[in-house]
Amino acid sequence: MEILGLFNYWAVIFLMMSGLYIIIAHDNLVKKLIGINIFQTSIFILFISLGKVSGGTAPVLTESAQLYSSPLPHVLILTAIVVGISTTALGLAIIIRIYKAFGTIEDNEIQQEL
Amino acid sequence: MSSGNLILIALIIPLAATVLIALANKLPNLREAITLLSAVALIIVVYSILPLVLDGNSPGLLLFEIFPGLEIYFELEPLGMLFACIASLLWLINSIYSIGYMRGNNESNQTRFYIFFAIAIFSTIGVAFAGNLVTLFIFYEVLTLSTYPLVTHKGTQDAIHGGRVYLGILLSTSICFFLSAIIWTNVLADTTDFKTGGILNHVNDNSIILLLLLLYAYGIGKAALMPMHKWLPAAMVAPTPVSALLHAVAVVKAGVFSIVKIVSYIFSPALLSDIIELNFLLYLSGATIIIASIIALKSDNLKRRLAYSTISQLSYVIMATAILVPISIMGAAMHILAHAFGKITLFFAAGSIYTASGKTKVSELDGIGRAMPWTMGAFAIGSLSMIGVPPTAGFLSKWFILQGAFTIESWFAVTVIVISTLLNAAYFLPIVYMAFFKEAKSHNTISNGEAPLPIVLALCFTALMTIVLFLYPVYAMQILTLLTGNVS
Amino acid sequence: MLSNHLPILQVVIPLIFAPVCVILRNGTLSWVLASLVSCITFIIACLLLTSVSGGNNITYALGGWVAPAGIEYHVDLLTAYMLLIINAVAAVVVIAARESMASEIASDRLYLFYAAFLLNLTGLLGVVMTGDAFNLFVFIEIASLSSYAMISISRDRRCLYAAFKYLILGTIGASFILISVGLLYAVTGTLNIFDLSDRLGNVENTNTVITALIFFTIGIAIKAAIFPLHLWLPDAYTYSPVIVSTFLAGTTTKVFIYALIRFIYSLFGYEFSFNQLVLNDLLMILACGAVLYGSIQAIRQDSIKRLLAYSSIAQIGYMVLGISIATELGLAASLAHVFNHAVIKVALFLSVACIIYRYNTEMISQLHGISKFMPYTSACFLFGGLSLIGIPLTAGFTSKWLLIQASFSAGYWSLVIIIVFSSILSILYVWKVVEAAYFKTPAVELSNNNTQNAPRLLYIALFIFVLANLYFGTETSVNIGFAKDIAYGLVN
């Protein structure tokens, strides 16, 4: 039961490994970027899982909450999402320029042209 | 004037000379006048410190501290004083010679030549006066770097290749072994100062001492202990004044000087002779003496023959040190002195022959003695000193070394000295014989008489000094006695 | 009082002025602005250094929220020392950058470069300054994202691929650091580095903490280009504009070495990381690999920039080596080398910048005999190279001395051999350039008189750093003195 009880962490690990696999295995630069996104998402889930307390409530607009989930991970993850989006945006911008410069976004073809 | 200031001035003079020489770039006469004047000034300063040392003082000067434990510190002791005296005196002689040689051969980049020469002298004085290993190491490295442009002076493919070997061996051995050994010493003794009686007496582990000694012996690549000797023949591509002063006097002498100094003041002979069971330094240097002499015998190029002769003579100094008794260490110091004057004479003669007739090979020298009597006469005296025949200085040093070898009953050392004396005679005397008593080969027209006057003057002076040192060794002996007092 | 707010001003000033550059839309104005800003931050760093050098640390609670709830900026001697390095490099390099950057990138992108530069500076300063683990991650990403942008700004299309490679690897590294922070938060419920270190005492041996340490080390190893995770570095340094390479070589990797030291000593604790987890053994193996691999690769390069990049990998190896010896002296050697290497590499890269400005090439094979045409630049490269080798009286010698001394005192003989052997290798690659510059027949293209000599500011910057090499090789109260004090403070 304990293994199943930690299913969210299993999900995290599964996503993390899928992301890493995509980054390594695919030649297409956009797919690599997608891999990075999946990888980062898994970390977001990790953080949010940490903050969850079963039965806890959100400590918002109430003085009487006895059992509440920690709001801090959510705040952190909001920041981390912003960082992730910036990375993706910059990555895509570079890919566009790579496409203009090399005429391809396949890793192996670019390496031949270097 | 305080003695500390004198040390500082002795270092500043050659350094200031570099600046002035650079400024006088366009005026050759002024430039050479500056070189000569600063050489004279250096001699005056160095010889005015001499009485202090003879009185048994050891004046010191702490220049600055890089960080605690890493100080630039100078201290005078008899051995360093002797070395400084040789280097400063020969700078003047060699400058006179250089003027004749460089002009006679129309060498290019003469200003650069004089500048780096002065820097090399500066670092030699620094090595001589160094009061601790760190200072010694720093000036040792400056000496290597400043002589590199001199070795590659001609800028030909050969010169670049020779320079690469030169720099490669000297820098890598010094950084690999010498620097490691110094830092190790610092860790063990918490100081790197040269002290009478050594600083490593408290180390109980004999294998550490022996390993350190090995690191020093090979780290000081300038001492040309085989197989770290390759740089010396490679450096013979340099113009002759460079070979003469630097590769017969300053550079190689800085090497053996460092070894004698380290054995005397870092280890102390007493410590080493207690623990050394297999005296590897003795055998290594003995082997170097014999092998180098045999190679010299087979070389036809005159400068190459002289280079290998230097290698074997350097190992004399190392072997004398490795005998580890005061009298032999005195012999080592004496040999530094005797070999300096003898070998510089030989190199001067080789350069003189090259300038006058363009010849570089031993086999071409038949009958040249009649055209160049002064040059070949000096060459003969230099050769006698190398072999160790009276009335030359070489005899005295060999005498002391033999005496040391008999004291510890090292028949190996005695045999080596006897065999190498025969070999020395075998590769020097035929040159003298051919030069004076053989007819010149007819198609091989012999030259235009003697080399320019400055060259002849310089080489006659050094040849004369070799004899004077034998006849009046009083001052030299005075310093050497002080040294034996320090090491026994 | 303004002086109470110096810690936040240090980070916020470049942050505020970065968008101003974008609004200005003018290369020259942006340059003036960026230069002014980096001078101001440099002055602030000096003020901070003088106020903490007495031994009293400064803590600054952001927005008045006291730690551990709020984010805290923490300035101790280590922080101030790093701030000094970063700001000195930044100020000199950006002032010298104008003509060189203008010649290397399109003029309508210049202001973007200065904006990215200021953001990068913000990130680097923030990493050093912050006392909050998550905040550290954010600043790392600010620094990294802006450096991807700075690398990709060059006209050379290969820079794009280099930037993308760096982006992928860098993001993985940063994510690993984020995972580590998350795990630490999970076991302690706090993010403040000093609070964390207090609370970790009870839970040290749990798998979570060990995993956190592993993730953090790998993440930092990618970011700091510790062998074998250095793959992004050679391309990034080679294909980016030379001013960018100069700045990155002088600052970025050093900051991550700082983060490694900070986490090991202030957060996880020396005892836990080294004595229990033997992280030092792992680091030592990696460092030896770095030192040998970097040096050997450097010998094989024809591009001077690439040669210096590989040499950087080797030098980073020295820094890690110092940490891995795990003694106070080793740490001091590492910190001193962080400082010295910044001074050395910036000097070398700036002389390459002069050469590229004039001849538009950095290939050794095309620069034969360049000392005839650029004597000062060649001499500067020579002195920088001597310092890199570790010739006495140069800055490089002092840290190498400490490093060998530390290895001897700790009884690591093999390290001594590796250090001296790699010094020989460094002679080979430095001499490769020097010999081509001084002793080869001049190439015909170089004698072309139409080329424009490098701008005066670039030369002044170069001279400053070359003189610094000589100065810090003889007067060592800043590099060695502070490094020893810091090491003493961290170990005890």
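Values for this structure:
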read-out: Test for B:D193: is it more than 25 Å from B:L284 (Cβ to Cβ), more than 12 Å from chain C (Cβ to nearest Cβ) and either in contact with a Leu (Cβ under 6 Å, 6 or more places away or on another chain) or of a type in the set (D, E) (or both); value: yes
read-out: Hits in the range C:81-137 - residues which are more than 14 Å from every other protein chain (Cβ to nearest Cβ), polar (S, T, N, Q) and touching a Ser or Thr at 6+ places or on another chain (Cβ under 6 Å); value: C:N87
read-out: Within the range C:358-410, considering residues that are part of a loop (DSSP other than H, G, I, E, B) and closer than 25 Å to B:F67 by Cβ, the one farthest from the other protein chains (Cβ to nearest Cβ); value: C:T394
read-out: Restricting the range C:271-283 to residues that are closer than 20 Å to C:G317 by Cα and assigned to a helix (DSSP H, G or I), the residue that is nearest to the chain's Cα centre (by Cα); value: C:L283
read-out: Subset of the range A:84-105 [facing another protein chain (nearest Cβ under 10 Å), without any contact (Cβ under 8 Å) to a residue 12 or more places away in the chain and closer than 18 Å to C:F176 by Cα]; value: A:S86
read-out: In the range C:411-450, the residues that are modelled with pLDDT under 85, more than 16 Å from C:G384 (Cβ to Cβ), surrounded by 16 or more Cβ atoms within 10 Å (Cβ to Cβ) and within 12 Å of another protein chain (Cβ to nearest Cβ); value: C:F439, C:K440
read-out: In the range A:66-83, residue farthest from the other protein chains (Cβ to nearest Cβ) [restricted to those that are assigned to a helix (DSSP H, G or I) and without any contact (Cβ under 8 Å) to a residue 12 or more places away in the chain]; value: A:L78
read-out: The range B:19-56, residues that are farther than 21 Å from B:G80 by Cβ, surrounded by 21 or more Cβ atoms within 10 Å (Cβ to Cβ) and under 22 Å from the mean Cα position of the chain (by Cα); value: B:T35
read-out: Qualifying residue in the range C:194-213 (condition: within 14 Å of chain A (Cβ to nearest Cβ), among the small types (G, A, S) and over 25 Å from C:A290 (Cα atoms)); value: no
read-out: Count of the range B:307-322 residues which are farther than 19 Å from B:P78 by Cβ and more than 15 Å from the chain's Cα centre (by Cα); value: 2
read-out: Checklist (1) farther than 20 Å from B:A250 by Cα; (2) out of contact with any strand residue (DSSP E or B) (no Cβ under 8 Å at 6 or more places or on another chain) applied to B:A340, failing item; value: (1)
read-out: Members of the range C:1-17 that are part of a helix (DSSP H, G or I), more than 16 Å from C:N87 (Cβ to Cβ) and not hydroxyl-bearing (S, T, Y); value: C:L2, C:N4, C:H5, C:I16
read-out: Condition broken by B:F64, with the remaining ones in (1) surrounded by 15 or more Cβ atoms within 10 Å (Cβ to Cβ); (2) modelled with pLDDT under 85 satisfied; value: (1)
read-out: Residue that is nearest to the chain's Cα centre (by Cα) [pool: residues in the range A:45-65 that are free of Cβ contacts under 8 Å to residues at least 40 places away in the same chain and within 11 Å of chain C (Cβ to nearest Cβ)]; value: A:I45
read-out: Unmet requirement for C:V343, which otherwise passes all of (1) more than 26 Å from C:T451 (Cα to Cα); (2) within 14 Å of chain B (Cβ to nearest Cβ); value: (2)
read-out: Any hit, the range B:391-408, residues being polar (S, T, N, Q) and either assigned to a loop (DSSP other than H, G, I, E, B) or in contact with a Lys or Arg (Cβ under 6 Å, 6 or more places away or on another chain) (or both); value: yes
read-out: Filter pass, C:I140 being more than 9 Å from chain A (Cβ to nearest Cβ), surrounded by fewer than 22 Cβ atoms within 10 Å (Cβ to Cβ) and aliphatic (A, V, I, L, M); value: no
read-out: Positions within the range C:192-214 being in a helix (DSSP H, G or I) and polar (S, T, N, Q), in sequence order; value: C:S197, C:N202, C:N207, C:T208, C:T211
read-out: Pairs with Cβ under 8 Å, 6+ apart, first in the range A:14-39 and at negative phi, second among the basic types (K, R) and in a helix (DSSP H, G or I); value: A:I22/A:K31; A:I22/A:K32; A:I23/A:K32; A:H26/A:K32
read-out: Test set (1) more than 10 Å from chain C (Cβ to nearest Cβ); (2) surrounded by fewer than 20 Cβ atoms within 10 Å (Cβ to Cβ); (3) free of Cβ contacts under 8 Å to residues at least 40 places away in the same chain - B:L210 fails condition number; value: (3)
read-out: Among residues of the range C:151-174, those that are among the aliphatic types (A, V, I, L, M), in contact with a Lys or Arg (Cβ under 7 Å, 6 or more places away or on another chain) and either more than 9 Å from chain A (Cβ to nearest Cβ) or outside any helix (DSSP H, G or I) (or both), counted; value: 1
read-out: Qualifying residue in the range A:3-17 (condition: over 29 Å from A:A93 (Cα atoms), assigned to a helix (DSSP H, G or I) and hydroxyl-bearing (S, T, Y)); value: yes
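The values are calculated or read from the model by the stated rules, or taken from the named source; none is laboratory data. In this text, all values refer to a predicted model and were calculated from it rather than measured experimentally. Counting neighbours? That spans all protein chains shown, and the Cβs are built from the backbone with ideal geometry, glycine included.
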